[in-house]
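**Student:** My questions all concern the structure below.
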Amino acid sequence: MSVDVLLDDQVALWLTDGRPDRMVWRSERWRVVDAPAPLADAAGARWRFHARSEISGALREFEARSTGGHWFVVAALAR
């Protein structure tokens, strides 16, 4: 796995039963395709998950965190 993007992009993230399910990142829709793993983060909720683009079919591993009621992608890794 190679680190493709390290960033701090605000995203729209939908949760199902408290876990990430769908996301819009950089105007593209992504669907979570695995069981998201919670990560320890004193600043708020943080998750790692794999998602597939609904447009291109690309698969990436994302890390997302919640701060002040907003979600941010902090890493996007090419698979």
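**Student:** Going by the conditions given, is ARG79 surrounded by 14 or more Cβ atoms within 10 Å (Cβ to Cβ) and among the basic types (Lys, Arg)?
**Tutor:** On the way: surrounded by 14 or more Cβ atoms within 10 Å (Cβ to Cβ): no; among the basic types (Lys, Arg): yes.
Considered against the rule, which asks whether it is surrounded by 14 or more Cβ atoms within 10 Å (Cβ to Cβ) and among the basic types (Lys, Arg), ARG79 comes out as no.
**Student:** State the number of residues belonging to region 32-79 that are under 12 Å from the mean Cα position of the chain (by Cα) and among the β-branched types (Val, Ile, Thr).
**Tutor:** Residues that pass the stated criteria total 4.
**Student:** Something else about it: Considering region 28-55 alone, what residues qualify as being of a type outside the set (Gly, Ala, Ser) and outside any strand (DSSP E or B)?
**Tutor:** Matches in region 28-55: VAL33, ASP34, PRO36, LEU39, ASP41, GLU54, ILE55.
**Student:** Name the residue, out of TRP30, TRP47, TRP14, that is at pLDDT 95 or above and touching a Ser or Thr at 6+ places or on another chain (Cβ under 7 Å).
**Tutor:** Working: TRP47 fails: touching a Ser or Thr at 6+ places or on another chain (Cβ under 7 Å); TRP14 fails: touching a Ser or Thr at 6+ places or on another chain (Cβ under 7 Å).
Only one candidate passes the filter, namely TRP30.
The values are calculated or read from the model by the stated rules, or taken from the named source; none is laboratory data. These numbers were taken from a predicted model, which means no experiment stands behind them. Neighbour counts run over all protein chains shown; Cβ positions are idealised from the backbone, glycine included.
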